[in-house]
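Everything on this sheet refers to the single structure shown next.
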Amino acid sequence: MSFPWSISGIARNLGSFITRNNLGLEIREFIALVFIVFSTPLLFGLFFKLHILLCLLFSILILVLLFGVINFRCRRETVRKEEQFEQFMLDLMGNLYSTPNILNSIEKTIETTDYPLRKEFEHVIAETRRGSLLNDALRRMIERSGSKIIRTVLLGLIVANDKGVDLVEFLKNQIEYVREKKSIENYIKVLSSGPRYTCYIIMVIPLVSIFVILLINKGFLEVLLSDLGILVVSYALLSYAVGFFLINRIINLSK
């Protein structure tokens with residue numbers, strides 16, 4: 001029986017995270033990077049005899065920022081791939097009219113495809129030239145992809161290729177699906193823009209309040225840096241982060 005919190009399960013999930021974010025690191029290298037990022041502020045605080053809890057909070061903050069940057073980079077690249085994917089399918093459909101062979105059509109299509117989507121299909125072509133089957137190469141591309149749209153279409157393409165379905169007709173249906181999905185997502189984005197901006201305003205209010213109090217009351221900083229103050233600040237930051245995360249998850253529930 002396999003448990004999600006077993007060592008093998010954690011390693012598998014971590015490997016999937018590294019692959020989907022195109023970090024180009026081994027699992028051990030990524031763990032070493034996380035350990036260095038987390039431990040550096042702690043060692044710095046111990047060296048300068050700072051409060052250990054404050055250093056721990058700073059380490060957690062830097063770690064959260066690291067994963068935030070990775071997530072932002074992945075999301076931005078995924079958006080670019082999704083924008084290019086519709087045109088890729090249109091070009092692939094046109095090439096299939098003249099070249100019924102799916103592999104040859106993909107090779108011809110990527111000549112006019114922009115990066116970063118082109119890089120993904122170049123990996124697929126390179127794997128087939130090394131002896132892999134096209135469907136196996138596409139499955140590995142699905143594992144690398146962070147886009148639900150691309151994963152869904154590629155999975156359908158694999159099944160259609162296995163069953164001998166008319167790929168031109170299949171691609172027509174998938175193009176309609178992608179366009180309809182984008183239209184719905186844009187509509188949801190417009191509807192959720194109000195709550196999203198409200199969330200950001202609520203997030204800023206405590207920070208502005210603390211800054212104003214620091215300007216008015218010079219002794220407030222000493223209270224915050226006391227043992228009790230650090231505990232209160234720690235609880236406030238944790239509640240702040242959890243609340244912001246939950247609000248964002250509710251707003252972006254459709255994603």
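Tallying residues that are among the polar types (S, T, N, Q) and farther than 26 Å from Glu77 by Cα within the stretch 119-134 yields 1. Among the residues of the stretch 111-134, those identified as within 24 Å of the chain's Cα centre (by Cα), within 17 Å of Glu83 (Cα to Cα) and in a helix (DSSP H, G or I) are Leu117, Arg118, Lys119, Glu120, Phe121. Say we look at the stretch 190-231 and pick out the residues that are modelled with pLDDT under 75, under 22 Å from the mean Cα position of the chain (by Cα) and over 19 Å from Val242 (Cα atoms); which of these is surrounded by the most Cβ atoms within 10 Å (Cβ to Cβ)? For the stretch 190-231, the residue satisfying everything is Ser192.
Considering the stretch 13-67, the residues that are surrounded by fewer than 15 Cβ atoms within 10 Å (Cβ to Cβ) and of a type in the set (Lys, Arg) include one that is nearest to Tyr115 (Cα to Cα), namely Arg28. Does Ala126 fit the bill of being of a type in the set (A, V, I, L, M), crowded, with 18+ Cβ neighbours inside 10 Å, without any contact (Cβ under 8 Å) to a residue 60 or more places away in the chain and over 21 Å from Gly15 (Cα atoms)? Considered against the rule, which asks whether it is of a type in the set (A, V, I, L, M), crowded, with 18+ Cβ neighbours inside 10 Å, without any contact (Cβ under 8 Å) to a residue 60 or more places away in the chain and over 21 Å from Gly15 (Cα atoms), Ala126 comes out as no. Pick from the stretch 233-255 the residues that are at pLDDT 70 or above and among the polar types (S, T, N, Q): which of them is surrounded by the fewest Cβ atoms within 10 Å (Cβ to Cβ)? Out of the qualifying residues, it is Ser239.
Yes or no, residue by residue, for (1) within 24 Å of Asn22 (Cα to Cα); (2) in contact with a Ser or Thr (Cβ under 8 Å, 6 or more places away or on another chain); (3) not hydroxyl-bearing (Ser, Thr, Tyr):
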{"site": "Pro41", "(1), (2), (3)": "no, yes, yes"}
{"site": "Ile60", "(1), (2), (3)": "yes, no, yes"}
{"site": "Asn71", "(1), (2), (3)": "yes, no, yes"}
{"site": "Met93", "(1), (2), (3)": "no, no, yes"}
{"site": "Pro100", "(1), (2), (3)": "no, no, yes"}
{"site": "Leu117", "(1), (2), (3)": "yes, no, yes"}
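The values are calculated or read from the model by the stated rules, or taken from the named source; none is laboratory data. Because the structure is predicted, anything quoted here is derived from the model rather than measured. Neighbour counts run over all protein chains shown; Cβ positions are idealised from the backbone, glycine included.
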